[in-house]
Amino acid sequence: MRAHLITVLVGLAFACCCMNTARSEPLRIALVIANGRYASMPALARCTVSATAVRDALRGRGFEVMERSDLGRGEFDTSIGALARRLAAAPAASGVLYYCGYALEFNGRSFLLPASASIARDYDVLTQGIIAKSLVDSLIRGNESRGFILLDVFRTPAASSTAALGGLAEQIRPSNFAVIGASNDGASEGPTAAALALRDQAAEGETSLDLFAGGIHRRLAKAAAVTAHFIPAMPRPPAEVAARPEAPPSPAPAASTAIAVPPPPPEPAILVSPAAPPSRATMADEDQMSDQDRRRVQALLATMGYYSGRIDGTFGPETRAAIRRYQFEIKADLTGRLNAEQATRLVNSAR
């Protein structure tokens, strides 16, 4: 009995040790998106088989894989947000995003197309597409995780541009995520060159994601039916990170008092005082906006002809599309999200 009890205790201790080891391993997570069936464009059967090859390869390397297919605009945003939250919650995590589907370049910017997209004219992408830079920014914002993003794309049948990701390198700044773009040409069958490159690179057992991404790019550079684009991972230098908290402090009240110039006294001879110029409104980032501020933004967008939905304070797909129209007008990044400067400009432009 004593020997049996010792055996059981040793087994439990070994099991607990294995569990603790597993828990201590950094998170490895991937999002695989295959948009193969579109509402108004030819199906992309290659995306389905390509996503399957990528999924199996990443699982073989120990990744937890989230699979999504034929995503509409809202579903696309939700899936990217879910991956970003998982990575933000685990700073040492390794992340991979694979997208296969249509893409379109307009005004020098690359857009990924949800399965619900209906592009009659190139500029329809402003309201229906997802700008590639915005997608990358959402994953790296406030996130110290590392990984790579593989955009495996096809041009739309009626696209006037010769490349769907032609300006990718100019649009996306280097970050802790490498970005690989693969613009497919021709009507081949089976997995794409990008999916096969990832599969073959995974089989080599490379553990560094930076080298993993670089290996995929080298394989793509040799493929004949694909145009490859590559932005290598380049984490922020320590000096840049350290410099952020050392922003110049706000002037002390005493110093301001010392150099302040008192305003001139009012002129008593004027019987009717002129109207004072309206004070400049200041808005916060949309995440910090009150419900009243959000309604105000929607109302202003409607007044400017960008929005025709309900004034309810909820920034859904219609509001995001209206914001992108406004951002296009002011020549800003088409993120669909208002930062404080853009919101302030919007509010004061209508005053």
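Some points to look at:
- Less than 5 angstrom separates the built amide H of Ser69 from those of Ala34, all sequence-distant by 5 or more or on a different chain.
- Applying 0.36 nm per residue to the separation of Ala203 and Arg121 and subtracting their alpha-carbon distance, the gain on full extension is 25.3 nm.
- Listed values for region 220-228 are Karplus-derived 3J(HN,Hα) couplings in whole Hz (6.51 cos²θ - 1.76 cosθ + 1.60, θ = phi - 60°), namely 5, 4, 8, 7, 7, 9, 8, 9, 9, and x replaces Gly and Pro.
- Nonlocal amide H pairs with Arg28, under 5 Å, H built at 1.01 Å: Glu64, Ser94
- Hz values of 3J(HN,Hα) by residue in region 308-321 - Karplus curve (6.51, -1.76, 1.60), Gly and Pro given as x: 10, x, 6, 8, 10, x, 9, 8, x, x, 5, 5, 4, 5
- Cα-based shape type of region 281-351, given that a ≥ b ≥ c are square roots of the gyration tensor eigenvalues and the cut on a/c is 1.5: rounded
- Largest-first principal axis extents, alpha carbons of region 42-197, Å: 42, 32, 26
- Proximity of backbone amide H atoms, modeled 1.01 Å from N, is registered between Ser110 and Ala132, Lys133 at under 5 Å, excluding neighbours fewer than 5 places apart on the same chain.
- Using R0 = 45 Å, the C-beta based FRET efficiency linking Ala281 and Ser40 works out to 0.65.
- Each label point was placed 7 Å from the Cα along the Cα-to-Cβ direction; for Ser308 and Ser290 their separation is 3.2 nm.
Quick note: the coordinates plus some simple rules give every number you see, no bench work behind them. None of the values given here were measured: they were computed from a predicted structure. Methodologically, a virtual Cβ is constructed for each residue, glycine included, from the backbone with ideal geometry; neighbour enumeration extends over all protein chains shown.
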